[in-house]
Amino acid sequence: MNSDDMVNSDDIVNSDDAAANDVSMRPTTVKALGVGVATGAYGLSFGAISIASGLDVWQTQALSLLMFTGASQFALVGVLGAGGGLVAAVATAVLLGARNSLYALSLAPRLRLHGFAKFAGAQLTIDESTAMALSHPDDSQRARHAFWATGLSVFILWNIGTLTGALGASFIDDPGTLGLDAAIPAGFIALLWPRLTSRSMWALALVSASLAIALVPFLQPGLPVLAAALVAVAADRIVAHRSRRENQGGTS
Amino acid sequence: MIWAAVLIGAAGTYSEKLLGHLLPAALLDNTTVRRITGYLPICLLSALVAVQTFATGTTLVIDARVAGVAAAVIALMLRAPFLVVVLVAAIVAALLRASGLSE
């Protein structure tokens, strides 16, 4: 759901070698349940943060059922809670969800879904299910099992977590006194942390954060965050330019 | 307005997932697409951290949230799980406010 280290499927590949010859799917199922339980735990914090941001229990639950991609959900309620408009909230959520398209692209040839399964499988295409499925590159039967078991276990436990957190938080009068307003950026930094894997990723994060802060006094709430998306485009251009030059110089 | 954001946002993110299952996998060969999609979460999440820590509306303020987020970073460095990180931030901010040290 988030950018957990689950996404680094390379790490998981090796740890599974021992199970490669085992016909039983039980180890995969147990792992899928473990991932679901961990995700359910932060479903709790999503439910509470969503209520603190001004959504009601139904709206919060609708997000976990229908949107079902954690970073986008946190972003949508964060931008709305900060007074950002509809367009900024939706745009931030959709931009954050773009990686799910890439996940689906790499999963499709392995899962070979048809009919209803394709539409259901699409909704379960998230960080965790993708990482688990791609960790079985040579065993398509196990990859399919890992995808469905992880997707379903995360879906169910994420939604139970959301409901519990939302109901709990709806009994609280002032979110500020409980520090829930500090929990929101803490949630984002926990999602960001595992992605800061290199010096250039840190640079990307610092430039984006500085740009957003600099724009806060001048733009409507929500828009400074969207402006940071342009940093991704600029960084891509810089990297492309650099690799073109290296190729021309014959250094690579 | 909130319901519109919830439903339009959900339709948007679901379309992204479905699109990937319908389009040809050859799109993955495009380095620009791959790079930008990889960079986007880092740019947006770090901007969200910054804005949600320092902004109230269109003004920049330093309040108990900063201490909460700093505590969250320490928790992350100690490899605490997600829920603990979020709880630590909330507790630190709440304690600072209760003690009257910060708004």
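The values are calculated or read from the model by the stated rules, or taken from the named source; none is laboratory data. The structure presented is a predicted model; accordingly, all values stated were derived computationally and were not measured. Here the Cβ positions follow ideal geometry from the backbone for every residue, glycine too, while neighbour counts run over all protein chains shown. With ligands, DNA and RNA removed, areas are computed over all heavy atoms of the protein, side chains included. Shrake-Rupley method; radii C 1.70, N 1.55, O 1.52, S 1.80 Å.
Ordering of B:40-49, A:117-126 by packing is B:40-49, A:117-126, highest average first (other Cβ atoms within 10 Å, averaged per residue). Partner shielding of A:100-112 amounts to 6, given as the average count of beta-carbon atoms from other chains within 10 Å of each residue beta-carbon. Computed from phi, the 3J(HN,Hα) profile of region B:28-34 under the Karplus parametrisation 6.51, -1.76, 1.60 (θ = phi - 60°) reads 5, 6, 6, 5, 4, 4, 5 Hz, with x in place of Gly and Pro. Here the peptides A:186-194, A:166-174 are ranked by packing, the mean other Cβ count within 10 Å, and the order with the highest first is A:186-194, A:166-174. The HN-Hα couplings worked out from phi for region A:229-245 by the Karplus form 6.51 cos²θ - 1.76 cosθ + 1.60 (θ = phi - 60°) are 4, 5, 4, 4, 5, 4, 4, 4, 4, 4, 5, 5, 4, 5, 6, 5, 5 Hz, whole numbers, x standing for Gly and Pro. Measuring between their Cα centroids, region B:44-85 and region A:153-214 lie 8 Å from each other. Label zone of A:N247 (point 7 Å out along Cα→Cβ, amide N under 13 Å): in region B:27-51 this covers B:30-32.
For a paramagnetic label modelled on A:D174 (point 7 Å from Cα along Cα→Cβ), amide N atoms under 12 Å away are absent within region B:52-96. The calculated 222 nm mean residue ellipticity attributable to helices in the protein assembly as shown amounts to -24000 deg cm²/dmol, summing -39500 (n - 2.57) over DSSP H runs of n ≥ 4 and dividing by all residues. With the highest mean first, a sort of the peptides A:201-210, A:238-247 on other beta-carbon atoms found within 10 angstrom per residue produces A:201-210, A:238-247. Take each residue of peptide A:34-40, count the partner chain Cβ atoms within 10 Å of its Cβ, and average: the result is 1. Is the shape of region A:50-126 rounded, prolate or oblate, going by the alpha carbon gyration tensor and its root eigenvalues a ≥ b ≥ c, with a/c under 1.5 for rounded and a/b larger than b/c for prolate? Note, shape of region A:50-126 comes out prolate.
The distance between label points at B:V84 and A:S200 comes to 3.3 nm (points 7 Å beyond Cα on the Cα→Cβ vector).
Once a ≥ b ≥ c are taken as the square roots of the eigenvalues of the Cα gyration tensor of region A:95-148, is the result rounded (a/c under 1.5), prolate (a/b larger than b/c) or oblate (a/b not larger than b/c)?
Working: a/c = 1.89, a/b = 1.25, b/c = 1.52.
It comes out oblate by the Cα gyration axes.
Hey, how many Å between the Cα centroid of region A:55-107 and the Cα centroid of region A:218-241? Between the Cα centre of region A:55-107 and that of region A:218-241, the gap is 19 Å. If I fit a long axis through the Cα atoms of helix B:64-77 and take the longest principal axis of the Cα atoms of chain B, what angle between them do I get, 0 to 90°, rounded to 10? With rounding to tens, the tilt is 60 degrees. Couplings for region A:50-62, taken from phi via the Karplus curve 6.51 cos²θ - 1.76 cosθ + 1.60 with θ = phi - 60°, read 4, 5, 5, 7, x, 7, 8, 4, 5, 5, 4, 5, 4 Hz in order; Gly and Pro are left as x. Cα convex hull, chain A: 156 Å³ per residue, rounded to a whole number.
In this rough spin-label picture, where each label sits 7 Å from Cα along the Cβ direction, the B:R34-B:L101 distance is 4.8 nm. The shape of region A:178-252 comes out oblate: with a ≥ b ≥ c from the C-alpha gyration tensor, a/c is at least 1.5 while a/b does not beat b/c.
Can you give me the accessible area per residue for chain A, using a 1.4 Å probe, in Å²? Could the numbers behind the result be given before it?
Values: 10740 Å² over 252 residues.
So chain A comes to 43 Å² accessible per residue, rounded to a whole number.
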